[in-house]
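Data first, discussion second: the structure below is written as structure tokens.
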Amino acid sequence: MTPSASLLLLLLLGLSQALPLQEEGGKEDEAPDIVDITTRILTSNEGSDEILLEGDLLAPRTRNAIICYTQNCFWKKNSSGLVTVPFTVSREFTRSEKQVIVNALQGFHSKTCIRFVPRNNEIDYISVENKVGCYSYFGKVGGRQMVSLQRQSCVYYGIIQHEFKHALGFRHEHTRSDRDDYVKINWANIDPQMAYNFDKQVTNNQNTPYDYTSIIQSLSYWDITRINKLYSYYKLSSL
């Protein structure tokens, strides 16, 4: 992805300059991070050779489009109604980096039905790897499923949660089916070769409004609500 393409995505993916990156146990605890999530992700992905849609979604290899009509691309619930997602973390990460990753994943546990658990021998699992850039597949693809968190630029609480939300089955707000009711895309400012990144998709909006904060912070109120709705979890007393 070229720098000009990333800049274009940044400007129009946007509304991302309003709040700083949300840090909880991240790399820069001593000094506030003035770089927002979207900027950091797109900058990190400039050097990636992967085919990335919408800036940080890996082009699917096991299905024709980034869409899920069945339960096969959602993670399974256990008998208690919780959704367990096995994961591994590459040995390339330091102990402190692994702790940041674990802390970000545990951030899902208190308010959603999602439980990220260390992998034993499960067939379907997420493999956190130190590749070039920050990106993920959309939903469960089956087998070993990579989430890339480049050590130098992606191991931040908010970015980790952002990429794992994709792996749970969530797209960016700017491509949701009803986005024209909330935002205006300035097509004249978009390189025609990059316009596909702004195509509306067939999405399950779950009767929730457009979330302007979803791309600029970690787990927003509507993120939490949608995760629990998508996975039919109704124990929402902690919200």
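The values are calculated or read from the model by the stated rules, or taken from the named source; none is laboratory data. Only a predicted model underlies this, so the values are computations on that prediction, with no experimental measurement involved. Neighbour counts are summed over all protein chains in view; Cβ atoms, including those assigned to glycine, are modelled from backbone coordinates with ideal geometry. Side chains included, ligands, DNA and RNA excluded: accessible areas come from the protein's heavy atoms. Shrake-Rupley method; radii C 1.70, N 1.55, O 1.52, S 1.80 Å.
A few notes on this one:
- R0 of 25 Å, Cβ-Cβ distance Thr88-Tyr233: FRET efficiency to nearest 0.05: 0.50
- Residue-normalised accessible area of the range 78-142, given per residue in Å² at a 1.4 Å probe: 46
- For the range 140-239, averaging the sequence separation of C-alpha pairs within contact (under 8 Å, six or more residues apart) and dividing by the residue count gives a relative contact order of 27 percent.
- Net charge of neighbours whose Cβ lies under 13 Å from the Cβ of Pro86, counting Lys and Arg as +1 and Asp and Glu as -1: +3
- Distance (nanometres) between label positions extended 7 Å along Cα→Cβ at Lys98 and Gln206: 3.1
- With all protein chains in place and a 1.4 Å probe, the accessible surface of the range 82-234 carries 47 percent carbon and sulfur.
- Area of Cys134 that stays accessible when all protein chains are in place (1.4 Å probe, Å², to 10): 0
- Formal net charge of residues neighbouring Ser127 (Cβ-Cβ distance under 10 Å; K, R +1; D, E -1): +1
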